[in-house]
Amino acid sequence: MPDSVPGPVLSPVLEVTDLRVSVGDHLVAVHDVSFSIGRGESVGLVGESGSGKTLTCRSVLGLLPATGEVDHGRIVLGGTELTGATRRTWNEVRGTRLGAVFQDSASYLNPSLTVGHQLAEQLRVKRGLSRADAHRRAVELFTEVGLHDPEGVFHRYPHELSGGMQQRVLIAISVSCEPELLIADEATTALDVVIQAEILDLLGRLRETHGLALLLVTHDLAVVAETCERILVMYAGEIVESGTTEEVLARPRHPYTQALMGVATIGTWERRALEVIPGQPPSVGEDMPGCRFAPRCRFATSACTSGPVPLADLGGGRAARCARLDALEGALA
Amino acid sequence: MTATRERPEVSGPEHTQVAPVLRVSDLSVSYAPPRKGTHLGTGAALTAASLEVRPGEIVGIVGETGSGKTTLARATVGLVRPAAGRIELDGQDMGSLKGRALREFRRSGQVQLVFQDPLRSLDPDLTVAELVREPLDIAGTLSRAERDVRVAESLRLVGLEPESMLGRRPRQLSGGQRQRVSLARAISTHPKLLFCDEPVSALDVSNRNLVLSLLDRLRSELGLAVVIIAHDLSSLAGIADRVAVFYRSRVVEQGPIQDVLQRPAHPYTGLLTASAPSVAHVDRLRPEQLRPQPDARAWPSHGVCVFAPRCRFAHDACADQPAPVTLPGDREAACHVAGEWRTHLTTTKES
């Protein structure tokens, strides 16, 4: 295991090892990504669009687009091997042990069925509840995710609900079978800040009451800052930095993490010049011998592009992939 | 007025004595009235909204989905007819424009819209050159050669190299580049007012700041009045001069952005700023301090203050919708406890 991100020691819920995903004509979009998520842990996966964060979590869910393929690597969910799993295994895992919520909640709900029907169906199929029990449990779950008038919501169709309510319904469906891991891919991006904060609170509360682990995928560092215990920063298909949220935000060790912090929301409102990260991320599959961030990095030297840069273990659960780790220590904070 | 008009002298946002480009007063817009039992019709989309935008100024409009932000933009460009109120553009009453005059006004491109998703709002079959040129063709006031010059000039203004861009199509551009093409298209007619409806919410953080900085530069270089509609305070941070907070079809608070967001007068604005995520550990209110307590009384959905059902500080007076009151520092808020709720906050915290 060359490039593993140090994680918790106790039996992880999810273990991803050397995951390589290619799209289209063998263009490698995710390069040997390894990480693990402990029981009940919340981990944020952060990166710009095109960084491979969505492909990584789609591989874990077995929901890669038709052109995508896992080339090698292992994905293990609490002892169950998911790499090369049969359709039957996936059906046993998805929705029961593995829950997921996405950005465009409306497109994941059936528009012609009431939302209560959709949740009750899940409970009857996956948990074998009777019609009456499923109804009762569905109303309980709707109450738990903070929907007002849960009995009334049960009989509503998706189009009658606001975006925030739809997202709550989807969360209720995805936690209905007590999953070990909930993946939220940009689940709050389309919502306004008040609802976003409520949904993030809800996810935190469900973590405590249901003991589920959370993988929060987002492009906004500010969102994970207050929700997650650990952060994985992805850039151009590689994990470039990882560690506890507090450590990473207080002392970033990779210039990209520092750049991301510069462009993230800082919670002050005075007029200022907004920072940007110059240039564009490399296109998918682009062959780069060294650091993939080097062309946009203000600290880059010729050493950065001469050969592969390993993800260096920095101890204390931290790792960073930078050729100038020692030289830049202290310069990035 | 045509696309060839002279640019006004650049005026800083501080110059509040300058006449506003856009003056909206007591504007109400209503789509089909709600019909019982059908869930059809939304009723009032905008109720007695007033707003002013001056040249060179960026005004942010924040609010949740369905709060009337986009309706205001649609009414201003004449896409929906207001039920009541006035919209004045450069002193001219828009309500008086009808038929041919209205059509000519729209074609002149004095007010332009920029939308959230450039992939959907830009025709995928057109090249960048055709996209940016189209509003000029519609305005029809410039010669062919002049239009070509204007296209190149607009692209340069948004930081794109015309030589490499002109022949490309939207698919061949990155997200940030596409949104900049939308901006180039919007400014090619030299508008006086630019309405940007969620211009950056489809972009990631780095591109977001790039497009926002660009808007900031355009307003000072072109003396452009800009309205940015956002559901998210981070899309306004750092560039907007003033902000108007919308809630359920009403403007509940407005004023200079820093004052409004640092010391909100309306509890909803307080909830907005408390809910905004941040990477810095700043000492601020927590959203749970502002959400209603579990034993809060139930409010009817009509007739009362629009925010009462979600307000921690709702009391008997809130059974009537408060009118906007003027506060010191060029601010106004529509709340019975405007600015005073903080004192209630400390008592609630202690109890």
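The values are calculated or read from the model by the stated rules, or taken from the named source; none is laboratory data. Fair warning: this is a prediction, and the values are worked out from it, not measured in the lab. Glycine gets a Cβ as well: all are built from the backbone with ideal geometry, and neighbour counts include every protein chain shown. Quick note on the areas: whole protein, heavy atoms, side chains included, nothing else; ligands and nucleic acids left out. Shrake-Rupley method; radii C 1.70, N 1.55, O 1.52, S 1.80 Å.
Accessible area per residue, 1.4 Å probe, Å², for chain A: what's the number?
41
Just to check I understand the Karplus step: with θ = phi - 60° and J = 6.51 cos²θ - 1.76 cosθ + 1.60, what whole-Hz values come out for the range A:307-323, glycine and proline as x?
x, x, 9, x, 7, 8, 6, 9, x, x, x, 10, 8, 8, 10, 9, 6
In the protein assembly as shown, with Lys and Arg counted as +1 and Asp and Glu as -1 at Cβ, which of these residues, A:Leu19, A:Gly243, A:Gly307, has the Cα nearest the positive end of the dipole, that is, farthest along it?
The residue sitting farthest along the positive end of the dipole is A:Leu19.
Enter the mean number of other protein chain beta carbons within 10 Å of the beta carbon of each residue in A:161-173, as an integer.
Mean shielding count: 1.
Averaged over its residues, how many other protein chain Cβ atoms are within 10 Å of peptide A:186-198's Cβ atoms?
Across A:186-198, the average partner-chain Cβ count within 10 Å equals 6.
How many angstrom lie between the C-alpha centres of the range B:122-182 and the range A:274-333?
Between the Cα centre of the range B:122-182 and that of the range A:274-333, the gap is 35 Å.
When only Cα pairs under 8 Å and 6 or more residues apart are kept, what is the percent relative contact order across the range B:279-350?
23
Take the alpha-carbon centre of the range A:138-200, take the same for the range B:243-318, and report the distance between them in whole Å.
22
Got the relative contact order for chain A handy, in percent, Cα pairs under 8 Å and 6 or more residues apart?
Computed over chain A, the figure is 21 percent.
What is the total of Lys pairs in the protein assembly as shown with C-alpha atoms under 27 Å apart, excluding same-chain pairs fewer than 8 positions apart?
4
Arrange the peptides B:108-115, A:117-124 so that the one whose residues have, on average, the most other Cβ atoms within 10 Å appears first.
Highest mean packing first, the order is B:108-115, A:117-124.
Could you calculate, for the range B:279-350, the ratio of the Cα radius of gyration to the Kirkwood radius, expressed as Rg to Rh?
Rg/Rh: 1.00.
Ignoring ligands, DNA and RNA, what percent of the accessible area of the protein assembly as shown is carbon or sulfur (1.4 Å)?
Carbon and sulfur together cover 51 percent of it.
Angle, helix A:193-210 long axis vs. longest principal axis of chain A, Cα atoms, 0 to 90°, nearest 10?
The answer is roughly 80 degrees.
Taking the solvent-accessible surface of protein heavy atoms with a 1.4 Å probe, what is the per residue accessible area of the range B:52-142 in Å²?
Here the per-residue accessible area is 45 Å².
Using only protein heavy atoms and a 1.4 Å probe, how much accessible area in total is buried between B and A, to the nearest 100 Å²?
Heavy-atom accessible area buried at this interface is about 3600 Å².
Mind checking A:273-281 for the average number of partner chain beta-carbons within 10 Å of each residue's beta-carbon?
6
Taking only the Cα atoms of chain A, how large is their convex hull per residue, in Å³?
Residue-normalised Cα hull volume stands at 143 Å³.
Whose amide H sits under 5 Å from the amide H of A:Ser42, counting only residues 5 or more places off or on another chain, with H placed in the peptide plane?
A:Leu214, A:Glu229, A:Arg230
Percent relative contact order of chain B, based on C-alpha pairs within less than 8 angstrom and at least six residues apart?
Relative contact order of chain B: 19 percent.
Report the full-extension gain for the segment B:Ala319 to B:Ala84: residue separation times 0.36 nm, less the Cα-Cα distance, to one decimal in nm.
Here the segment from B:Ala319 to B:Ala84 would lengthen by 82.2 nm.
Sorted by packing (mean other beta-carbon atoms within 10 Å per residue), highest first, where do A:272-282, B:93-103, B:306-316 land?
Top of the packing list down: B:306-316, A:272-282, B:93-103.
What ranking, highest mean first, results for peptides A:57-66, A:318-327 when packing means the other Cβ atoms within 10 Å averaged over each residue?
Put in order of decreasing packing, that is A:318-327, A:57-66.
Hey, what angle do you get for helix B:128-139 against the long axis of chain B, alpha-carbon based, 0 to 90 degrees rounded to 10?
The angle comes out at about 90 degrees.
Expressed as an acute angle from 0 to 90° and rounded to the nearest 10, what is the orientation of the C-alpha long axis of helix A:115-127 relative to the principal long axis of chain A?
So the inclination is approximately 80 degrees.
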